[in-house]
Every structure is written in structure tokens, then in C-alpha cells.
Amino acid sequence: MTRDVHQQAREWIALTGTALTGKDGLSDAQQSQLQAHLRECDSCREYAEATTQVIRSLRSVPLAATPALVRRTQARVRQHAQLLRQHKERLWMVGIACAGIGFSAAVTIPIMWRIFSWMGSWAGVSNPVWETGFGIFVIVPALLVSVLLLARGTHLTDDASRWHY
Ligand SMILES: [Zn+2]
């Protein structure tokens with residue numbers, strides 16, 4: 001029958017443990033009976049201490065992790081939002097630059113065409129010659145701009161991918 005006493009004590013210890021986490025506990029009579037048994041029985045006292053320790057460490061884990069984890073998560077979310085905002089701003093700037101280039105090209109190309117045509121007839125060269133010169137004049141800045149934009153583009157993706165690590 002002594003074995004049943006230990007069994008009963010351990011059940012009560014377990015109940016005391018769940019009582020700590022908010023479920024129903026022991027009656028006063030059971031509580032004093034358990035305390036009396038724990039005073040006499042070393043193995044049940046060890047069991048009770050181990051149980052208490054496990055419950056305490058289980059309860060302390062979320063308490064210790066939560067504020068730090070929340071702070072870290074918030075910081076990361078804020079960083080990510082800021083990065084997205086920067087990315088949008090830069091794309092907006094690139095878009096404005098492209099529109100500006102397109103607009104100035106639409107204005108300058110007809111004017112430059114006339115200037116090249118006039119210079120061609122003034123220098124006495126044939127049409128294909130000044131037309132080629134005009135072509136180079138128009139294409140080279142466009143090439144330079146696209147190279148610049150590509151360089152900026154890779155810079156942007158470098159920036160963005162850094163946060164994935
Ligand atoms: Zn015992």
C-alpha cells in the first residue's frame with residue numbers, strides 16, 4: 001500500500017503544478033497530507049522539487065524571451081519598411097530622370113536634326129554622312145544613361161538583398 005501513497009503524492013504534486021498554471025489545485029486536507037508525506041519521503045520530495053523547477057523554468061522562458069524578441073522583431077519590421085520606402089523613393093527618382101531625359105530628347109532631337117542637316121549642307125557632305133553623325137550624337141548619351149541606370153539598378157538590388165541575410 002505504501003506504493004499507492006507515493007503514487008497519490010505524485011499525482012497531487014502534478015496537480016499542484018497545474019494549479020500554478022491556472023487549473024484547479026488541491027483541497028486543504030490534501031495539501032496538508034501531501035506536505036506531511038513530503039516531510040517523510042525523500043524520493044517524493046525530490047520529485048516535487050524537480051517538478052517545481054521544470055514548471056518554473058517553463059514559465060520563465062516566455063517571460064524572458066518575449067520583450068527581447070518583440071523588440072528585435074519590431075526593429076526588423078521597421079528596417080524593412082524603411083528599406084521599402086527608400087527603394088520606392090529611388091525608383092521614383094529614376095522614373096523622374098527617365099521622364100526628363102525623354103522630354104528633353106523629344107525637344108532636342110528635332111532641333112539637333114535640323115542643326116546637323118544645316119552643318120551637312122554647309123560642309124558639303126552627303127546626307128548619309130551627317131545622318132550617321134546625328135545617329136551617334138543621339139545614341140551615345142542614351143547608352144551612357146542606360147549604363148548609369150543599370151549601375152544604379154544593381155546598387156539597388158545589392159541594398160535590398162543585404163537584408164535577406
Ligand atoms: Zn513518497
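The values are calculated or read from the model by the stated rules, or taken from the named source; none is laboratory data. All values derive from a computational prediction rather than experimental measurement. Cβ placement follows ideal geometry from the backbone for every residue including glycine, while neighbour counts extend to all protein chains displayed.
Being among the hydroxyl-bearing types (Ser, Thr, Tyr) and either in contact (Cβ under 8 Å) with a residue 60 or more places away in the chain or more than 30 Å from GLU11 (Cα to Cα) (or both) is a property that SER57 lacks. Within the stretch 33-87, the set of residues being in contact with a Leu (Cβ under 6 Å, 6 or more places away or on another chain) and modelled with pLDDT under 85 comprises ILE55 only.
Checking each residue in the stretch 32-41 for being near the ligand (Cβ under 8 Å from one of its atoms) and either in contact with a His (Cβ under 6 Å, 6 or more places away or on another chain) or over 15 Å from THR16 (Cβ atoms) (or both) picks out GLU40, CYS41.
The C-beta contact set for the stretch 79-104 (first residue closer than 30 Å to VAL138 by Cβ, second residue basic (Lys, Arg), distance under 7 angstrom, 6+ apart or interchain) comprises VAL94/ARG152.
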